[in-house]
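> For reference, the structure I am asking about is given below.
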Amino acid sequence: MTTLRNKILEILDADARNTPAEVAVMIGEEEQTVANEIDNMEKEGLILGYRAVVNSDKILEDKVSCVIEVSVQPERGHGFDKIAERIYRFPEVRSVFLVSGGYDLLVILEGRTMREIADFVIEKLSVLPNVHATSSHFLLKKYKELGTILVQSGQRERMPVSP
Amino acid sequence: MNVTTLPQTVYSKSRINTRVEQTVPSGIRAFFDLVIGKDDVISLGVGEPDFATPWHICEAGIHSLETGRTSYSSNNGLLELREEISLFLHKATGASYDPVDNIIVTVGGSEGIDLAFRTLLNPNEEAIIVEPSFVSYAPLTFLAGGIPIHLPTYAENGFAPTIEDLEKAVTPSTRAMIVNYPNNPTGATISDKQIDEIIEFVIRHDLVLISDEIYVPLTYEKECKSFASREKIRDRLVLLHGFSKAWAMTGWRLGIAAGPSDIIKGMGKIHQYNVMCPPTVAQYAAIEALRHGDEEVENMRREYDRRRRFITHHFNRIGLDCFEPFGAFYAFPSIKITGMTSQEFAEKLLEEENVAVVPGNVFGECGEGFVRCSYATSLDEIREAVKRIENFVKRHQQA
């Protein structure tokens with residue numbers, strides 16, 4: 001069974017501009033029920049915000065993104081959480097994930113210039129206690145982000161009227 | 001580009017076969033020509049999914065090209081695919097269709113319709129066409145040498161035929177009957193009780209039932225059973241299905257015909273001579289679709305369901321009475337409050353608001369007073385189309 005929450009989230013995930021009234025029509029519920037459920041999800045921190053999916057490649061102002069593999073020393077009692085926090089607190093850090101494999105934390109960083117990112121890695125990240133090693137990869141081109149394909153591909157043409 | 005037209009010779013009598021000459025082009029075609037010249041049209045006139053074929057299915061097609069699987073396949077389709085189809089039909093209907101004796105992979109669902117009529121009808125034998133219906137049933141009956149008997153259905157009966165009407169339509173020359181639930185253009189589904197009544201009727205008059213079930217995977221809220229779920233009809237049922245709608249594979253041209261071995265053998269004779277075999281690359285893609293496509297089909301179905309509720313809600317709100325469709329991806333609202341014919345409504349709506357819908361009468365006379373609106377288009381487009389239709393209706397609403 002798909003729960004009410006799942007039904008609402010599936011719609012908002014595809015397009016958060018849908019109003020509670022529209023969502024209600026689409027899933028066959030009362031508007032008030034949907035509005036309440038969205039309220040609750042916001043209060044519980046299940047929905048944290050609504051934002052546009054931006055193709056940053058189209059913004060003229062230059063931005064540089066970098067994926068950094070970080071190897072760290074976990075701490076007794078805290079595991080990776082403390083060191084992760086010391087990294088994700090920096091506002092220029094867009095994402096931090098703990099991953100399995102050859103390194104521990106996958107950090108995605110955004111800056112205005114390569115210099116800025118280099119400074120961050122050299123002066124802020126690699127000097128943290130417990131950070132053993134970093135390996136930085138600058139993003140060259142974004143093809144798909146958060147489920148959205150960012151590059152222009154051939155328009156699919158359908159006949160305007162068909163049986 | 002220079003185009004040289006062939007010289008037109010005047011012949012003393014028509015050299016075109018009489019039935020071909022008498023066959024009129026589909027009303028959809030005429031409407032298509034009106035739409036094609038216009039820019040920025042929002043089209044609710046499309047009878048195919050707006051989704052691209054799921055990528056893993058395309059990948060399987062690409063792989064088959066890369067590995068050089070570009071030859072003919074066996075006439076009735078790759079055995080591997082027919083085995084998958086057999087499993088699929090068994091799961092969906094409970095019926096056992098033997099991959100060798102009971103299944104043909106056709107070039108789209110349309111070939112299956114053609115094969116069925118040509119196999120079943122002798123000259124001037126009749127087939128009952130339950131209308132409103134897909135545009136090809138009656139012409140293909142006629143081109144097969146048969147006589148289409150148009151059986152109208154109405155919104156108040158859920159667009160299902162009543163037994164009284166069926167009894168009036170049937171004659172000693174009737175050989176077959178074709179139904180399509182979930183229905184194009186109405187979106188109607190059919191209840192278990194109606195299925196049983198139709199089956200009794202078909203058996204009582206010794207007919208063959210052709211059931212076009214291409215939309216069965218796309219049903220909402222309630223199930224629409226396959227006629228093949230009833231054992232007693234299986235020896236006189238031609239089940240037509242296909243990959244176009246549920247798997248969003250219209251351009252791959254692959255359909256399914258399943259039925260009793262004598263009929264399938266007959267259909268296979270025509271099929272081997274007119275198409276030889278269905279496209280091979282598409283067949284490899286279809287194997288992937290049946291093996292691993294369920295989740296994508298379900299995701300598309302859920303999206304259609306949301307749009308379905310959205311569009312019918314708004315049609316009813318703006319005064320276009322809309323029968324609640326539980327299948328396919330069409331809504332079939334009544335345009336009675338405008339006092340226009342279907343044709344006028346569709347043409348004026350296109351002219352004044354740049355929205356394309358299909359006049360209901362192209363699906364049979366009983367479709368007059370309705371228009372078919374496909375919701376196989378993005379929600380943003382549906383939202384905008386509804387807005388424009390609302391303006392249009394307000395302007396033209398009769399007091």
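The values are calculated or read from the model by the stated rules, or taken from the named source; none is laboratory data. Worth saying up front: this structure is predicted, and the values here are computed from it rather than measured. With ideal geometry, Cβ positions are generated from the backbone for all residues, glycine too; neighbour counts draw on all protein chains shown.
> When you look at residue B:230, is it free of Cβ contacts under 8 Å to residues at least 60 places away in the same chain, more than 14 Å from every other protein chain (Cβ to nearest Cβ) and touching a strand residue (DSSP E or B) at 6+ places or on another chain (Cβ under 6 Å), yes or no? It would help to see each step written out before you state the result.
Values: free of Cβ contacts under 8 Å to residues at least 60 places away in the same chain: yes; more than 14 Å from every other protein chain (Cβ to nearest Cβ): yes; touching a strand residue (DSSP E or B) at 6+ places or on another chain (Cβ under 6 Å): no.
No.
> Is it true that some residue in segment A:62-75 is β-branched (Val, Ile, Thr) and within 13 Å of chain B (Cβ to nearest Cβ)?
Filtering segment A:62-75 down to residues β-branched (Val, Ile, Thr) leaves A:64, A:67-68, A:70, A:72.
Cutting the leftovers down to within 13 Å of chain B (Cβ to nearest Cβ) gives us none.
So far as segment A:62-75 goes, no, none of its residues is β-branched (Val, Ile, Thr) and within 13 Å of chain B (Cβ to nearest Cβ).
> Of all residues being modelled with pLDDT of 95 or more and within 14 Å of chain A (Cβ to nearest Cβ) in segment B:187-227, which is nearest to residue B:167 (Cα to Cα)? Just the residue, please.
B:212
> Looking only at residues that are exposed (fewer than 10 other Cβ atoms within 10 Å of the Cβ) and touching a residue at least 60 places away in the same chain (Cβ under 8 Å) in segment A:123-147, which one is farthest from residue A:68 (Cα to Cα)?
Checked segment A:123-147; the qualifying residue farthest from residue A:68 (Cα to Cα) is A:146.
> What residue, of A:88, A:50, is at negative phi, within 20 Å of the chain's Cα centre (by Cα) and free of Cβ contacts under 8 Å to residues at least 24 places away in the same chain?
Of A:88, A:50, the one residue that is at negative phi, within 20 Å of the chain's Cα centre (by Cα) and free of Cβ contacts under 8 Å to residues at least 24 places away in the same chain is A:88.
> What number of residues within segment A:127-163 are within 11 Å of chain B (Cβ to nearest Cβ), among the hydroxyl-bearing types (Ser, Thr, Tyr) and part of a strand (DSSP E or B)?
Residues flagged as within 11 Å of chain B (Cβ to nearest Cβ), among the hydroxyl-bearing types (Ser, Thr, Tyr) and part of a strand (DSSP E or B) within segment A:127-163 amount to 0.
> State all residues of segment B:173-205 that are of a type in the set (Phe, Trp, Tyr) and without any contact (Cβ under 8 Å) to a residue 40 or more places away in the chain; if no residue qualifies, say none.
Kept after step one, since they are of a type in the set (Phe, Trp, Tyr), are these residues of segment B:173-205: B:181, B:201.
Within segment B:173-205, B:201 is the sole residue that qualifies.
> OK, next. Here are some conditions: (1) surrounded by fewer than 17 Cβ atoms within 10 Å (Cβ to Cβ); (2) more than 13 Å from every other protein chain (Cβ to nearest Cβ); (3) within 22 Å of the chain's Cα centre (by Cα). Residue B:336 meets all but one. Which one does it not meet?
Just one mismatch for residue B:336, condition (3).
> Considering segment B:363-381 alone, what residues qualify as being surrounded by fewer than 23 Cβ atoms within 10 Å (Cβ to Cβ), in contact (Cβ under 8 Å) with a residue 24 or more places away in the chain and more than 24 Å from residue B:161 (Cβ to Cβ)?
B:377, B:378, B:379, B:381
> Go over the candidates B:167, B:156 one by one and state the one that is surrounded by fewer than 23 Cβ atoms within 10 Å (Cβ to Cβ) and touching a residue at least 24 places away in the same chain (Cβ under 8 Å).
Among B:167, B:156, only B:167 is surrounded by fewer than 23 Cβ atoms within 10 Å (Cβ to Cβ) and touching a residue at least 24 places away in the same chain (Cβ under 8 Å).
> Restricting attention to segment B:13-45, and to residues there that are assigned to a loop (DSSP other than H, G, I, E, B) and of a type in the set (Ser, Thr, Tyr), which single residue is nearest to the other protein chains (Cβ to nearest Cβ)?
Taking segment B:13-45 first, the residues assigned to a loop (DSSP other than H, G, I, E, B) are B:13-17, B:23-26, B:37-41, B:44.
Still in the running and of a type in the set (Ser, Thr, Tyr): B:14, B:23, B:26.
Numbers: B:14: 27, B:23: 15, B:26: 7 Å.
Ranking the candidates gives B:26 first.
> So, one more: Does segment B:100-119 contain at least one residue that is more than 30 Å from residue B:332 (Cα to Cα), assigned to a strand (DSSP E or B) and touching a Pro at 6+ places or on another chain (Cβ under 9 Å)?
yes
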